[in-house]
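Data block below; observations after.
The values are calculated or read from the model by the stated rules, or taken from the named source; none is laboratory data. Note that the coordinates shown come from a computational prediction; the quantities given were computed from them, not determined experimentally. Cβ: placed from backbone, ideal geometry, glycine included. Neighbour counts: every protein chain shown.
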Amino acid sequence: MTIAKIPGQLLMEMKGQQLYSIEFILDYVSFHFQREVLRSHLSAMIWPTFEHNDEVTRFGDIGYRDVLCSLIARNVTEVLFIEKREVIVTFSGDVRLVCSIRPEDRKGEKLLFNTQEPHSLFVCS
């Protein structure tokens, strides 16, 4: 296993991958991506926001789960890593998933990203 030293480069492996499932766990959410044989997994310990057409949907808003699920089968077109601030994953249709990695938002890990082949791990804490 490799611990990523350049998180932006590792996160760029998501580009072109299709979101094929979302897993809602007690206090976080996991996103599963795949492109051919490459699979990756993004777990957000802080509930991400969903942005589309100047509208923002946050955890607790009516329809939050539905808008996240609307990302399934979309391809990642861009990933932006803003150190100590956020990771923005843009999907086809200019839909954005914004994951906070701000130190003040939560204690412990905020975002976990890993790939299967080659196995790499990136943790924002």
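Some observations on this one:
- For region 1-37, taking the residues that are acidic (Asp, Glu) and at pLDDT below 80, the one that is surrounded by the most Cβ atoms within 10 Å (Cβ to Cβ) is identified as Glu13.
- Residue within region 74-83 that is exposed (fewer than 14 other Cβ atoms within 10 Å of the Cβ) and assigned to a loop (DSSP other than H, G, I, E, B) present: yes
- Verdict on Glu117 being in contact with a Ser or Thr (Cβ under 6 Å, 6 or more places away or on another chain) and either modelled with pLDDT of 90 or more or not β-branched (Val, Ile, Thr) (or both): no
- Every residue from region 66-111 that is modelled with pLDDT under 65 and within 19 Å of Glu23 (Cα to Cα): Glu109, Lys110, Leu111
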